[in-house]
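The values are calculated or read from the model by the stated rules, or taken from the named source; none is laboratory data. Small disclaimer: the values here were computed from a predicted structure and weren't measured. Here the Cβ positions follow ideal geometry from the backbone for every residue, glycine too, while neighbour counts run over all protein chains shown. Heads up: the accessible areas ignore ligands, DNA and RNA and are worked out on the full protein's heavy atoms, side chains in. Shrake-Rupley method; radii C 1.70, N 1.55, O 1.52, S 1.80 Å.
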Amino acid sequence: MAELNFPDIDGPVAQRGIGIIAPFDLALERELWRWAPLEVSLHLARTPYEPVPVSVAMAELVSDAAHLTSATRNILHVDPEVIAYLCSSGSFIKGLDYERSLCDTICAAGARDAVTTSGALIEAIRALDVSRLSVITPYDEILTEKLHDFLGEAGCEVVRSNHLGLGGGIWKVSYRTIAERIINADDPRSEAIFVSCTNLPTYDLIEPLEQALGKPVLTANQLTMWACLGRMKLPMMGPGKWLQDVF
């Protein structure tokens, strides 16, 4: 009988978990995994399907406290160290107090710690000392204005903004279109650029655009994973040089 030579008989690498609560239409799970170190596993739960386009109404529906409570309980059994509500619009739609209430709801349902995408954005701009920001969103004008209001409440001025006006299929937008919109949204006065929506693909654009524009390009999935990993005292993988040494 052949002898088996295992590289590490005590393996596999010990798993550390991040719980992810995503809206029903998330299509970018593969992008999330690219931010994670080897020892981190992502455990996803989704909010219930809502037959509405991407809009203020949808943002309110997918951030409902009952949905977040149910989703949190669905992933507690794998013992995540932190649970993230992975949704930009759902976490900025009603301002800073509402964003904090979403974290409170997740923790009240049993999570050890909680993060939201928009809360991670506020943490990042404060850590980087950013007070003037350019913004690109895939949303309509009304929902984009809600993001402006949220940032204004946090003391951050939006100096230029660009929105795509999409009601669905956001994950299908090409890198070329996104890159062009980011470049068009840049402004000499802005200290960073924020690309909203966890369903908008951005991973491979961050590094070349940061090099070209000379400022941080902050994206929704990047910030959410950065905030989660920071709480776990783990490094963020992938692009984003301005965030690498923060936390």
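Couplings 3J(HN,Hα) of the range 181-195, computed from phi: 5, 5, 4, 5, 7, 5, 8, x, 7, 7, 8, 6, 10, 10, 9 Hz, in residue order, whole Hz [Karplus 6.51 cos²θ - 1.76 cosθ + 1.60, θ = phi - 60°; x for Gly and Pro]. Only protein atoms count toward the accessible area here, which uses a 1.4 Å probe; on the range 51-144, the carbon and sulfur part of that area reaches 49 percent. Amide H contacts of A84 (H built 1.01 Å from N, in plane; Pro and chain starts excluded): G19, I20, I21, V115 sit under 5 Å, all sequence-distant by 5 or more or on other chains. Using C-alpha pairs under 8 Å with a sequence gap of at least 6, the mean separation divided by the residue count of the chain gives a relative contact order of 21 percent.
Taking every alpha-carbon pair within the range 128-219, the share separated by more than 17 Å comes to 44 percent.
Relative to the compact-globule estimate of 2.2 N^0.38 Å, the Cα radius of gyration of the chain comes out at 1.02. Basic side chains Lys and Arg get +1 at the Cβ, acidic Asp and Glu get -1 at the Cβ, and with that the dipole of the range 13-161 about its Cα centre reaches some 320 debye.
Scanning residues 5 or more positions from V40 or on other chains, those with amide H under 5 Å from its amide H are R16, with H placed 1.01 Å from N in the peptide plane. For the range 22-36, the Karplus equation 6.51 cos²θ - 1.76 cosθ + 1.60, evaluated at θ = phi - 60°, returns couplings of 10, x, 4, 9, 4, 10, 10, 3, 4, 5, 4, 4, 5, 8, 8 Hz by residue, with Gly and Pro reported as x. Against the chain, whose longest principal axis is taken from its Cα atoms, helix 141-153 shows a tilt of about 80°. Quick note on the range 70-112: its Rg to Rh ratio, both from C-alpha atoms and Rh being the Kirkwood radius, is 0.99.
Surface analysis of the chain yields an accessible area of 45 Å² per residue, using protein heavy atoms and a 1.4 Å probe.
Sequentially through the range 41-58, phi angles give Karplus couplings (6.51, -1.76, 1.60; θ = phi - 60°) of 10, 9, 10, 9, 10, 10, 6, x, 4, 10, x, 9, x, 4, 5, 4, 4, 5 Hz, Gly and Pro residues having no value and appearing as x. Remark on R46: its backbone amide H falls under 5 Å from those of A22, a criterion applied only to residues 5 or more positions apart or on other chains, H modelled at 1.01 Å from N. Taking the accessible area of the range 157-206, probe 1.4 Å, and keeping the other protein chains in place, the carbon and sulfur fraction comes to 47%.
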